[in-house]
Amino acid sequence: MMDVIQQLREQAKKLLEEKKVDLVIGFGQGTELARTTPVFIDSPEGVSKLTWGPFCANNLAKYLTDYKNAPGNIAVVVKGCDSRSINRLLDDNQISRDKVVIIGVPCSGQLEWQKVAAEIKPGASLKETADNGDSFSVKTDAGDYKFDKKDYLLHRCLVCENPNPVVSDLTIGKEQPVKNYEDRFAEVQALEQMSTEEKNAYWDKQFSRCLRCYACRNVCSVCTCQICVFDQMLPMWVSKRTNLSENTAFHLTRAFHVAGRCVDCGECDRVCPMDIPLRKLNQKIHKDLGDLFESPTPGTKPGLASPLGEFSPGDPEEFM
Amino acid sequence: MEARIVNKGQLSELLDKLAKDYDLIAPIQEETVTLFRKISGAKDAFLEYTNSDISPKGCFLPQNEKTLSYMYTGDTLEIDKPEGAKKTVLFGARPCDIKAILTLDPVFEGEKFGDEYYSSKRESTVIIGLSCSKVLSTCFCYAFEGGPCDGTGSDLLFTEIGDKYYVEVNTEKGKALADAYSQIFSSQGADQLAKDKEELAKKLAGEFVRKVDLTGVKELLDKNFELAYWSGDDQKKCIGCGTCTYVCPTCHCFDIFDYTTGDFNGDRLRCWDSCMYPEYTLCAGGHNPRPTRKERVRNRFMHKLKYHLDRYNMVGCVGCGRCVKKCPVNIDITKIINDLKEVAQNA
């Protein structure tokens, strides 16, 4: 990964030096060995903060809307899944293409940091990481470790549609093969097999845990409303109270609001402090959109028609 | 200080008895998440945890709390207040979380703004702490004079030593409980375990990896409300969710509102709120004194590192590390403390 890091820094430096962009948003080393954190670099000297590896879970495309009215151009580092967000933001007119320089980095999976941290000697610092195909090597000052992808990847990375960015201005690193460790819709199919009562019980149990911290909403790259309906005071659609009814209203409304726009980046799942499997809700919608309208995952191509915003005479009409 | 011994084999019996005689709140595991809930017996308890995902602050400040009910019958308005708290035991809280309760006490039990809902629960609850047996990479309780085996604030503190729990009796309330179950809390041989506990405490104290130094931080913040530091990466990367505040054992902001259910009937509720939310400080007329994430992020850390100290002479952080672990973008209070220390040194 060292060569990718080196090239990333060089390219970022060049973009800033040549004043092609005013800001580079990328990954920097986090405060835990197995974590990165978003970094915002506005000078060529700052590029040494940039890093890359199997700990770059965040979808940085999320930040582009923060800068849509800022002067100057923004460069952003994206993985394959994150790049779908960019297509989606462009199609939603949330960002303008000429303001964004997309630095795409092919990705061979991201590791779940808590699982990795549990194995590594506390306090160790990271030296380098390497991809061995089905595992990652992590070299630290306290020894070397190996993490098998099937056991340590983020859940969302076990199935990956786009290891390579679907849109980018410059690509750093070599192209990665598609590699799946699971069947994409296996979990959704298992849920579909349940009776209505069982499904109800399953989701009631999940939603009743929700703290309504809104991390799932706030991390979502396609949640772009300026004032969210759940933040409105008048009318107050949901109160500050957490209970099953209002929690369910929040999660189902959100799932349907991003239906046809959700790019399946899996960030909602990752950030939930209560481990609510939120992505399953949207995966069900992805599966249905695929089955009913042969609709690909949103964002996989620029200018994809929104499956729920377009009508064609051949659409199924089973409810009519 | 008095001490007792509880054989590990008798813990189930104790928890079953406590669940019968009290409302027993203890850590449970729901799927992958550890949190505190009322349990019906030992079978529900989950004690093999290091740091629960959610702290037990909800025992005293629930996320949702009914403060009164109102009923208007046409002629009269009736107001019902909930009954006082039931006899409760909070079992298995970690030392940092118990210390966090001590930081809440002056907020809700101060002379000026006494809060009967909080006090009632506080008075009727016996806190049984459980020493840590492990230090996580995100832990830093030592920085606030805490420790993995620190009994401050607990009525009884259990420390696991081999096949026994060494139990420190820290208050009269704790003593009364231990005496009431004297067949389980044995006085025999407790002194011998005192040394083992000291050794464990010393060993764990050496396992912290996060260096946190508060030197000069309070003084810096006292003199500077505006600091260039607050315009840095933290406010840029913050996504404005409430995770840090909701998992924090010392955050205590709430909102009060009426929830009308019928024509003129309803409940007045008090629910957790978060200073990370834009509408938290939104005033009538539309003015917001903390209009952007910069002001909101600054407020959270000023509250922890300055305001709580100003008001109550206590740091508003206990080093549990939950916000460090759970923040989606890795905003880390220990980094902020160390950065501010550096800013202070270079000022």
Original post:
Of the chymotrypsin sites (Phe, Trp or Tyr not before Pro) in region A:211-307, which ones lie in a loop per DSSP and count no more than 15 other C-beta atoms within 10 Å?
Top reply: A:Trp237
Subject >> Charge dipole (debye, nearest 20) of the protein assembly as shown; +1 at Cβ of Lys and Arg, -1 at Cβ of Asp and Glu >> reply: 1280 debye
**OP:** Enumerate the aspartates and glutamates that A:Lys150 could reach by cross-link, defined here as Cα to Cα under 13 Å, with residues fewer than 8 away along the same chain left out.
**Re:** A:Glu112, A:Asp134, A:Glu182, A:Asp183
Subject >> Among A:Ala305, A:Ala70, A:Ala130, residue whose mean-square fluctuation peaks in a GNM of chain A (springs only between Cα atoms under 10 Å) >> reply: A:Ala70
Original post:
What residues have an amide H closer than 5 Å to that of B:Leu130, excluding those fewer than 5 places away on the same chain, when H is modeled at 1.01 Å from N in the peptide plane?
Top reply: B:Gly92, B:Ala93, B:Arg94, B:Phe158
**OP:** Could you run the Karplus curve 6.51 cos²θ - 1.76 cosθ + 1.60 with θ = phi - 60° over region A:47-62 and give me ³J(HN,Hα) per residue in whole Hz, x for Gly and Pro?
**Re:** 5, 5, 6, 5, 9, 7, x, x, 10, 9, 6, 4, 9, 6, 4, 3
**OP:** Would you please name the trypsin sites (Lys or Arg not before Pro) within region B:119-186 that are DSSP coil residues with at most 13 other C-beta atoms within 10 Å of their C-beta?
**Re:** B:Lys134
**OP:** Choose one of A:His286, A:Asn162, B:Leu220: the residue whose Cα lies farthest towards the positive end of the charge dipole of the protein assembly as shown (beta-carbon charges +1 Lys, Arg; -1 Asp, Glu; about the Cα centre).
**Re:** B:Leu220
**OP:** Can you run the Rg to Rh ratio on region A:87-160? Use alpha carbon positions and the Kirkwood inverse-distance Rh.
**Re:** 1.14
Original post:
Roughly how large, in nm² to one decimal, is the mean projection of the convex hull of the alpha-carbon atoms in chain B?
Top reply: 20.8 nm²
**OP:** Would you work out the charge dipole size for region A:20-117 about its Cα centre, treating the Cβ of every Lys and Arg as +1 and the Cβ of every Asp and Glu as -1, and quote it to the nearest 20 debye?
**Re:** 180 debye
**OP:** Specify the angular offset, from 0 to 90 degrees and rounded to the nearest 10, of the alpha carbon long axis of helix A:196-208 from the longest principal axis of the alpha carbons in chain A.
**Re:** 50 degrees
Original post:
Quick one: which of A:Lys149/B:Lys203; B:Lys57/B:Lys112; A:Lys179/B:Lys325 span more than 24 angstrom between C-alpha atoms?
Top reply: A:Lys149/B:Lys203; A:Lys179/B:Lys325
Subject >> Value of [θ]222 nm, deg cm²/dmol, for the protein assembly as shown, DSSP H segments ≥ 4, -39500 (n - 2.57) each, nearest 500 >> reply: -9000 deg cm²/dmol
Subject >> Global geometry of chain A, whether rounded, prolate or oblate, following the gyration tensor of its Cα atoms and the 1.5 cut on a/c >> reply: prolate
Original post:
Which whole-Hz couplings ³J(HN,Hα) result when phi for each residue of region A:118-125 is put into the Karplus expression 6.51 cos²θ - 1.76 cosθ + 1.60, θ = phi - 60°, listed in order with x for Gly and Pro?
Top reply: 5, 8, 8, 4, x, x, 5, 10
Original post:
Farthest toward the dipole's positive end in region B:146-287, which of B:Gln188, B:Cys244, B:Gly206, given Cβ charges of +1 (Lys, Arg) and -1 (Asp, Glu) about the Cα centre?
Top reply: B:Gly206
Original post:
Got a sec? Charge dipole of the protein assembly as shown, +1 on Cβ for Lys and Arg, -1 for Asp and Glu; which of B:Cys283, A:Gly260, B:Phe91 is way out at the positive end?
Top reply: B:Cys283
Original post:
Hey, got a sec? Which trypsin sites (Lys or Arg not before Pro) in region A:152-220 land in a DSSP loop and have at most 12 other Cβ atoms within 10 Å?
Top reply: A:Lys174
Original post:
Per the Debye formula with a single identical scatterer at each Cα and no solvent contribution, what log10 I(q)/I(0) holds for the protein assembly as shown at q = 0.06 Å⁻¹?
Top reply: -0.37
Original post:
Could you state the number of Å between the C-alpha centres of region A:133-155 and region A:9-40?
Top reply: 24 Å
Original post:
Distance from the Cα centre of region B:278-324 to that of region A:288-319, in angstrom?
Top reply: 45 Å
Original post:
In a solvent-free Debye calculation with one equal scatterer on each Cα, what is log10 I(q)/I(0) for region A:6-97 at q = 0.13, 0.14 Å⁻¹, listed in the order of the q values?
Top reply: -0.42, -0.49
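Computed from the coordinates by the stated procedures, all read-outs in this text should not be read as laboratory data. Since this is a predicted model, take the numbers as computed values, not measurements. Every residue, glycine among them, receives a Cβ derived from its backbone with ideal geometry; neighbour counts consider all protein chains shown.
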